[in-house]
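Enquirer: Before anything else, here's the structure in question.
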Amino acid sequence: MDLGITGKRALVCASSKGLGRGCAEALAEAGVDLVINARSEGPLQETAQALRDTYGVEVTAVAADITTEEGRAQVLKAAGDVDILVNNAGGPPPGMWTDWEREDFIKALDANMLTPIALIKALVPGMMDRGWGRVVNITSQSVKSPIAVLGLSNSARAGLTGYVAGTSRQVAGKGVVMNNLLPGIHATDRATSLDTGVAEKEGITLEEAAAQRAAGIPAGRYGTAQEFGATCAFLCSQYAGYMIGQNVLLDGGALNATM
Ligand code: NAP
């Protein structure tokens, strides 16, 4: 299917691996030129080269921490005018509600709420001026169904969701389509690191911890970055123009709800 976005330019944050990379791959496959980002230079450059070689699109790689003001300035300078913004960053660590202090919340809010908001504020006015834009925020299933040990994530992402709900409706009239993409469990380093914590706590192997978690998902497995990226590319396509401020859940049916 031709998504109608060949020749557009996208900034995909936190995209050397995992879900961000899945989004970058799917956009590249649709003919979109990319600015990709991650903190570690090596894996980022490898991903950039793989995308160029496979899809023949232009890829600019910026090694920077997107959750810092300096990192964002570096990325924005390299990105210039983009048509598509995919917001992403690493998620906050798991823990216990009694342990989190103000500073832990500030860090989580900075990374997973205020960083996407800052990038939206920097890039959406240009999209509105040009009459076309797409923003996809990678949030989490925890926005719809809390994951107790991820209270920092639950809080920060719920805040971003509220912001997007209102803002998406303020910019829609200028051709900018903004939505959130909510991953359930996907097979990435993040999932492995969370499973490792469970395995250590319960004295079981990593494989047993993953099988235990997969058994609770109606699809019976973890999602893939490729499936996730394909949905992201659709939300960035010409066909998503009437989807405004939605929260698209990709969780293999894990959330047991009618709507
Ligand atoms: P991942 O496999 O750990 O990949 C994270 C990617 O982001 C890497 O490329 C990493 O590269 C980059 N990154 C992390 N922090 C960054 C920062 N501060 N600045 C720039 N780049 C950064 O994670 P993932 O599973 O794809 O998850 C992506 C997001 O979805 C996270 O917020 C996660 O909490 C959320 N999520 C994931 C799942 C899941 O099952 N995978 C479920 C729900 C929500 P560097 O380390 O080199 O920076």
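The values are calculated or read from the model by the stated rules, or taken from the named source; none is laboratory data. In this text, all values refer to a predicted model and were calculated from it rather than measured experimentally. FYI the Cβ positions are ideal-geometry reconstructions off the backbone, even for glycines, and counts take in every protein chain you see.
Enquirer: I'd like to know if the stretch 219-235 contains one or more residues that are out of contact with any Ser or Thr (no Cβ under 6 Å at 6 or more places or on another chain), at pLDDT below 95 and under 30 Å from D99 (Cβ atoms).
Expert: No, there is no match, as no residue in the stretch 219-235 is out of contact with any Ser or Thr (no Cβ under 6 Å at 6 or more places or on another chain), at pLDDT below 95 and under 30 Å from D99 (Cβ atoms).
Enquirer: Pairs needed: first member in the stretch 28-49, free of Cβ contacts under 8 Å to residues at least 40 places away in the same chain; second member anywhere, among the charged types (D, E, K, R) and surrounded by fewer than 24 Cβ atoms within 10 Å (Cβ to Cβ); C-beta distance under 7 Å; at least 6 residues apart or different chains.
Expert: D33/R9; D33/E58; R39/D65; P43/K17
Enquirer: Determine which member of the set Q45, Q74, Q49 is in a helix (DSSP H, G or I), more than 21 Å from T188 (Cα to Cα), polar (S, T, N, Q) and modelled with pLDDT of 95 or more.
Expert: Every option except Q74 fails the conditions.
Enquirer: Can V62 be described as more than 8 Å from the ligand (Cβ to nearest atom) and in a loop (DSSP other than H, G, I, E, B)?
Expert: Taking the combined requirement at face value, the residue does not satisfy it.
Enquirer: On to the next question. Taking the stated definitions as given, is G133 away from the ligand (no atom under 11 Å from the Cβ) and not hydrophobic (A, V, I, L, M, F, W, C)?
Expert: yes
Enquirer: Further question on the same structure: Condition first: assigned to a loop (DSSP other than H, G, I, E, B) and within 13 Å of the ligand (Cβ to nearest atom). Now tell me which residues in the stretch 77-121 satisfy that.
Expert: N88, A89, G90, G91, P92, P93, P94, listed by residue number.
Enquirer: Moving to a separate point now. I'd like the full set of residues that are touching a Ser or Thr at 6+ places or on another chain (Cβ under 7 Å) and more than 8 Å from the ligand (Cβ to nearest atom), limited to the stretch 16-27.
Expert: C23, A24
Enquirer: Hey, another quick one. Does T54 count as more than 10 Å from the ligand (Cβ to nearest atom), over 25 Å from K107 (Cα atoms), part of a strand (DSSP E or B) and modelled with pLDDT of 95 or more?
Expert: Spelling it out, it is not the case that T54 is more than 10 Å from the ligand (Cβ to nearest atom), over 25 Å from K107 (Cα atoms), part of a strand (DSSP E or B) and modelled with pLDDT of 95 or more.
Enquirer: Separate question: Mind checking which pairs have a first residue in the stretch 2-21 that is at positive phi and a second that is part of a strand (DSSP E or B) and not β-branched (V, I, T), Cβ under 7 Å, 6 or more apart or different chains?
Expert: A14/N37; A14/A38
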